[in-house]
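Below you'll find the structure, written out as structure tokens, and then a few comments.
The values are calculated or read from the model by the stated rules, or taken from the named source; none is laboratory data. Since the model is a prediction, treat every value here as computed from it, not as a measurement. Here the Cβ is made from the backbone with ideal geometry for all residues, glycine too, and neighbour counts use every protein chain on show. Ligands, DNA and RNA are stripped out before the accessible areas are found, and what is left, the full protein with its side chains, is counted by its heavy atoms. Shrake-Rupley method; radii C 1.70, N 1.55, O 1.52, S 1.80 Å.
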Amino acid sequence: MTDAVYAVVFRGEVLEGFSREQVQASFARLLGLDAERLEQLFCQPRTVLKKGLGHDAAVRYRDALQRLGAAVSVEAAAITQPAAAPAEPAQIPRQPATAAQDGSPAAPTGRAATRAAGAPPAAAGSRGQATASAAPRQLAFTFHGEGFEFFRIWIVNILLSIVTLGIYSAWAKVRTQRYFYGNTQLDGSSFDYLADPLKILKGRVIAFACLVVYSVAGELSMALGAVMGLLLLVALPWIIVRGLSFRNSNSAWRGVRFGFDGSYGGAAMAFLVWPLLGALTLGILMPLAMHKQQRFIAGNSRYGTSRFAFDVGARPFYLIFLAMLGIGVAAGVLVSVLSGLSPALASAVGALAYLLLFAFFNVRFTNLVYGNLVLGDNHLVAQYQLGSYAVLMLVNMLGMALTLGLFYPWAKVRNARYAAEHMALVAGDDLDGFIAARRQEVSSLGGEFADMFDVGLAL
């Protein structure tokens, strides 16, 4: 039969606002071309990057490549097809993937390169039986940081922040984040933190100014303070969305950035309306509110152009809260009984019960949230354990108390190592095939507001 099929065509031109060198660098990174073959591609009057596509798929290819600055077009053709066949990869000269001299992962080539240049992952039926039936791989996270190594970074950050009256704190944040990102690896590749300290500093200056206005207003008039508090509450969805956008867009793995596309209306429902309903129902709907929040964060997060999904209902959140309620009631009864016998023993048991309750929530909540994150055919596995996590918390608390806070770098490293050792990614996809979406500039202002007003943005 005769069907209309489409091809994505490149004629060596770049879009307005992009330089030829910039677009060439993007093509070189994504397609793995050397300088000679790259020059040939840009000198050809017409190169078919992808053919045999349906209209929607061709448009997705075109849009993704245009985000890189390439002036590509979609051309229709009529061909006779005896049977449906998989689309052919781009007919672009390729070279074998080799590791870069600086130790960074090699650029993808072949089919992976074609997909990285803007194509969505192919359906299982069009990738061949070998790929479709490949067994999933469980890839462990690893963390290579050391306590004393981070202590040197941490103490310098503190001293320079004091000397510069807080100005250096933006650079301190970037140095800290880059240390932990760079020492966290998955499948042999480290994560990257790409934020600009100057943007963080501008956001912090504005956030600090707003905090001063908020504090002064409260001192001058209770009514004015209430108005400022209401304005902050109204701004909360904006703060959350901008904070998550800034964090994700400046996080990357293997050259592909994360992203966040949540709406302000969705944030208002998840972080204002549902918690309010939880309060009005005396906590009955609070687990459902937490479920809505995690679905909002996960469902609007992406890696390149591939979206995450939160594959769990609200029932496990209710089970966590019921278990915590049971532990809390049992601990309260035990402390009440012991308080009549030995107040000191009752205080110690109460402190241990609080530690156990906090550890129980963190373990169950982490395993529930991260253990149900799905990205295409890939999903995370979280296996925190109550006993080992409680010991981790106890040692960190004692270390902080006995050293007057100087144990903080070791505690932070221990937490990061524990998280890496108890998480993994079950990969069913070609990880190099995800699309590197062109990063949109987002302001750091939302993230800095979150830090200033203690708004929790973590997934």
Within the group Val333, Val349, which residue is of a type in the set (Val, Ile, Thr) and open to solvent by 40 Å² or more (accessible area, probe 1.4 Å)?
-> Val333
Pairs under 6 Å by beta carbon, first residue within 16 Å of Asp261 (Cβ to Cβ) in region 282-304, partner open to solvent by 40 Å² or more (accessible area, probe 1.4 Å) and assigned to a loop (DSSP other than H, G, I, E, B), six or more apart or different chains?
-> Asn300/Asp261
Tally time: how many residues in region 383-439 are among the aromatic types (Phe, Trp, Tyr) and modelled with pLDDT under 95?
-> 1
Within region 368-405, how many residues are open to solvent by 40 Å² or more (accessible area, probe 1.4 Å) and without any contact (Cβ under 8 Å) to a residue 40 or more places away in the chain?
-> 13
On the given criteria, is Glu39 more than 30 Å from Gly188 (Cβ to Cβ), exposed (fewer than 12 other Cβ atoms within 10 Å of the Cβ) and at pLDDT 75 or above?
-> no
From the list Val329, Val333, which residue is among the β-branched types (Val, Ile, Thr), farther than 27 Å from Ser388 by Cβ and assigned to a helix (DSSP H, G or I)?
-> Val333
